[in-house]
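First comes the structure, then the notes that go with it.
Where a number appears in this text, it was derived from the coordinates with a stated rule and is not lab data. These figures come from a predicted structure and were not determined experimentally. Using ideal geometry, Cβ is built from the backbone for each residue, glycine included, and neighbour counts are taken over all protein chains shown.
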Amino acid sequence: MDFSAYSSAFSGLLVVLTTLIVQFIVANTGKARLPNHIPGKIDPSLGHESFVFRAYRTMENSLENISLFLGSAFLAILAGVNPVWTGFAVWIYALARIMHMILYYMISTEQNPSPRSYFYLLGLLANILLLILILTRLL
């Protein structure tokens, strides 16, 4: 199978993985600067007013979502789903996750839905699109 047609999807996946690395660095650097920090734990008294909490939750949210997305993306590629649509869905997900991250870093709110929620939903819809494309291809 010639995977060169999926270069757009692969570059979008690289952006997704790079975004996750950035989130990991920001979250752990911020947490390490707190007094009496314990590796692997976040102070339960922290809330949305704390950038450290928001950075940590951004990373955790990405970790909660990335396995399903990566599975969908690679299954789409291996199943031979249209490369243009696969790339489109991957890039929508990648950009939605970046916007989710930026808004979570910038806006301290417990309001629901918050502005970041719309980008979370957009990423979820991109993943659902991939799953529909896979199903269509396999049928």
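Test of understanding: given the chain, find the longest segment containing no trypsin sites (Lys or Arg not before Pro) that are in a DSSP loop and have at most 16 other Cβ atoms within 10 Å. Mind showing how you got there, number by number?
On the way: sites that count: Arg33, Lys41.
Formally, the longest exposed-site-free interval is 42-139.
Could you work out the local net charge near Asn61, counting Lys and Arg as +1, Asp and Glu as -1, over the other residues with Cβ closer than 13 Å to its Cβ? Could you put the intermediate results ahead of the total?
On the way: positive: Arg54, Arg57, Arg97, Arg116; negative: Glu60, Glu64.
Value of the local net charge: +2.
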So how long is each side of the stretch 1-64 along the principal axes, counting just the alpha-carbon atoms, biggest first, in Å?
52, 18, 15
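Quickly estimate the mean residue ellipticity at 222 nm for the chain, helices only: each DSSP H run with n ≥ 4 gives -39500 (n - 2.57), and the total goes over all residues, rounded to 500. Each step should come with its number before you reach the end.
Working: 4 runs with 103 residues, N = 139.
Rounded to the nearest 500, the figure is -26500 deg cm²/dmol.
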Find the relative contact order for the stretch 59-131 and round it to a whole percent, using C-alpha pairs within less than 8 Å whose residues are 6+ positions apart.
42 percent
Residue of Gly87, Gly71, Gly123 that the Gaussian network model of the chain assigns the largest fluctuation, springs spanning Cα pairs under 10 Å
Gly71
If you take the alpha carbon radius of gyration of the stretch 26-96 and divide it by 2.2 N^0.38 Å, what ratio comes out, to two decimals?
1.53
How high is the FRET efficiency between Arg33 and Glu64 when r is their beta carbon distance and R₀ equals 22 Å, given to the nearest 0.05?
0.35
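Ranking Ile77, Ile98 by Cβ neighbours within 10 Å, fewest first, what do you get?
Placing the least packed residue first, the sequence is Ile98, Ile77.
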Based on the Kirkwood radius over alpha-carbon pairs, what is the Stokes-Einstein translational diffusion coefficient of the stretch 3-138 at 20 °C with 1.002 mPa s viscosity, in µm²/s?
136 µm²/s
